[in-house]
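The values are calculated or read from the model by the stated rules, or taken from the named source; none is laboratory data. Values in this document were obtained by computation on a predicted structure and should not be read as measured data. Here the Cβ is made from the backbone with ideal geometry for all residues, glycine too, and neighbour counts use every protein chain on show. The accessibility values were calculated without ligands, DNA or RNA, using every heavy atom of the protein model including side chains. Shrake-Rupley method; radii C 1.70, N 1.55, O 1.52, S 1.80 Å.
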Amino acid sequence: MIEIKNVSKWFGDFQVLVDIDEVVERGQKVVICGPSGSGKSTLLRCINGLEPYQKGEIVVDGVSLSDPTTNLYKLREKLGMVFQRFELYPHMTVMRNITLAPMKVRKKSRPEAEKKAMELLERVGIPDKASAFPANLSGGQQQRVAIARALAMEPACMMFDEPTSALDPEMIQEVLEVMIGLAKDGMTMLVVTHEMGFAREVADEIIFMDAGRIVERGSGDEFFKNPKSQRTKDFLGQILK
Amino acid sequence: MFDAVFNNLPYLLGGFLTNVQLAAFALAGGLFLGALVGLGRISKRPWVYHPVTAYVNFLRNIPLILVIFWVYFVMPILTGRSMDPFISAAVSFVVFEATYFGEIFRAGFQTISRDLVSAAYSTGLTYRQTATHILVPIAFRRMLPSLITQSIITFQDTSLAYVIGLQEMVRRTTIVDSIEVRSIQLYSFVAILFFVICFIGSRISLHYEEKSRKAKVL
């Protein structure tokens, strides 16, 4: 589904990604963790074609992002993305937030798009908020709308960039539950998070990044029980405290 | 005491209507072009950014009255036919005001987070769709007070079109005055009319400013 081959990226002189290699198979759930500034978010942005990279190649569903003829807009339809600060369109209702892309990009009719949006709102547990504006929702509700908005385009893979780090503690669980539900339905997922409980429960593979490199990778249990590098041990020690 | 005004009221108000019409064209065209200019000013493409920036810097540094003269006298040479003063004035205003509205839009676009734009792109929206449905509507709402203030200025400036002989209110007032010789009452009337309209406009602007401060919806 996603192949990252030897990717490096620089911001000016500063190298943010160093020779990243990773393959995400269809249906696989990969969790990326690591300290802030380690390049996790940048990696997700590169996969979605939101940031260029200078070396290596990223292939999504057989389409290379390095190929200048690749239509990035088309490619992004396959990848849903959820952001740390929700990023709902503040001037639109929840319903419009979800139906905008299906109507404009997929040219779906309004009734069709709204029917699908209601199903998704049911799925994330807030069908009663369809006509509300984002500012009137709690953080947890906003993030669930953001997930529904991404799902509305029926992506083959969902990417999450620290989806719970801007949330109050009591709202984290409601968002994680939606994500666990997605995982159980077989969605391919790439999740940047520090929620280790979630990682342990759903991840097929956990990647630890530091200073732009993948320092360590392993299956869920292996990663927590026998971290190999000292850097990973320190990091886990801090966040599992 | 306003005898000269009352005797010529339809004529004067007819001139005022021209001001209103000119302002309407200037605002519609200026806002549309201004939104495009604003997008150009935040563009990462040098071949968009530099020409747009040069256009903005140039027009913001010359007086409006020169633009009005320039369009009126130079356009006929370029197009080969004489121009109606109203059309000429409308073109001048759109081209001139678009730079001011453009800078307001630019400020509005810069309040929109990078991730919000990324979120729009990540659902497959194109640049054009993102600009139309996300960037411009959000910037418009956030900058509404400034846009209204600039609109008031535009409305006041429409009186400058009298220099190319447009029959707007100030022009007609000078004509009436040359016959009736009642300068004080005539010009007072013009001033009052402009004041009332613009004062109402500034109140509306204030209202939206308060509203957005309280609601902080956007």
**Report entry** Directionally averaged projected area (convex hull, Cα atoms, chain B), nm²
**Finding:** 14.9 nm²
Report task. Quick one: angle between helix B:46-60 and the longest Cα principal axis of chain B, in degrees between 0 and 90, rounded to 10, please. Result -> 20 degrees
Report summary line: Shielding of A:88-99 by other chains, given as the mean Cβ count within 10 Å, works out to 3
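Between rounded, prolate and oblate, where does segment A:113-241 land on the alpha carbon gyration tensor, with a ≥ b ≥ c its root eigenvalues, rounded for a/c under 1.5, else prolate if a/b exceeds b/c?
In terms of gyration-tensor shape, prolate.
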Query - Cα gyration tensor shape of segment B:27-76, rounded if a/c is under 1.5, else prolate or oblate by comparing a/b with b/c - result: prolate
Report summary line: Note: segment B:122-194, point scatterers on Cα, Debye, no solvent; log10 I/I(0) at q = 0.12, 0.17, 0.18 Å⁻¹ equals -0.55, -0.74, -0.78
Query raised in the report: Among all the lysines, which ones have a C-alpha under 25 Å from A:K115's C-alpha, if same-chain residues fewer than 8 places away are not counted?
Result: A:K74, A:K78, A:K104, A:K107, A:K129, A:K184
Query raised in the report: Using the Cα atoms of segment A:1-46 to build a convex hull, what is its mean projected area in square nanometres?
Result: 3.4 nm²
Report summary line: Comparing A:S138, A:S229, A:S165 in a Gaussian network model of chain A (Cα, 10 Å), the one with the largest mean-square fluctuation is A:S229
Query raised in the report: In a GNM of chain B with a 10 Å cut-off on Cα contacts, which of B:T53, B:T123, B:T158 has the highest mean-square fluctuation?
Result: B:T123
Report summary line: Projected area averaged over all directions for the convex hull of the alpha carbon atoms of the protein assembly as shown, nm², comes out at 28.2 nm²
Query raised in the report: What fraction of the Cα pairs in segment A:1-151, stated in percent, has a spacing above 29 angstrom?
Result: 29 percent
Query raised in the report: Mind checking the alpha-carbon convex hull of segment B:63-158 and giving the volume per residue in Å³?
Result: 116 Å³
**Report entry** Exposure rule at most 10 other beta-carbon atoms within 10 Å, DSSP loop trypsin sites (Lys or Arg not before Pro): chain B longest free segment
**Finding:** B:82-215
Report task. Could you work out the local net charge near B:Y208, counting Lys and Arg as +1, Asp and Glu as -1, over the other residues with Cβ closer than 12 Å to its Cβ? Result -> +4
**Report entry** Qualifying trypsin sites (Lys or Arg not before Pro) in segment A:5-101, DSSP loop, other Cβ atoms within 10 Å at most 12
**Finding:** A:R26
Requested in this report: Could you rank A:D161, B:D157, A:D168, A:D128 by how accessible they are, 1.4 Å probe, largest area first?
Outcome: A:D128, A:D168, B:D157, A:D161
Query raised in the report: Rounded to a whole number, what % of the accessible area of chain A do carbon and sulfur atoms account for, probe 1.4 Å?
Result: 48 percent
Requested in this report: Indicate the gyration tensor shape class of segment A:121-174 (rounded, prolate or oblate), computed on the Cα atoms with a ≥ b ≥ c the square roots of the eigenvalues: a/c under 1.5 is rounded; otherwise a/b larger than b/c is prolate and the rest oblate.
Outcome: oblate
Query raised in the report: Which net charge results when you count Lys and Arg as +1 and Asp and Glu as -1 among the other residues whose beta-carbon is under 12 Å from that of A:V94?
Result: +2
Report task. Could you give the C-alpha radius of gyration of segment B:142-183 expressed as a fraction of 2.2 N^0.38 Å, taking N as the number of residues it contains? Result -> 1.60
Query raised in the report: Whole-Hz Karplus ³J(HN,Hα) for segment B:196-206, in order, using 6.51 cos²θ - 1.76 cosθ + 1.60 and θ = phi - 60°, x for Gly and Pro?
Result: 4, 4, 5, 5, 4, x, 5, 5, 4, 4, 4
Report summary line: Any aspartates and glutamates whose Cα falls less than 14 Å from that of A:K40, other than same-chain ones fewer than 8 residues away, would be A:D19, A:D21, A:E22, A:E51, A:D161, A:E162, A:D210, A:E216
**Report entry** Per-bin percent of Cα-Cα distances, segment B:91-218 [10 Å]
**Finding:** 11, 29, 26, 18, 10, 4, 1
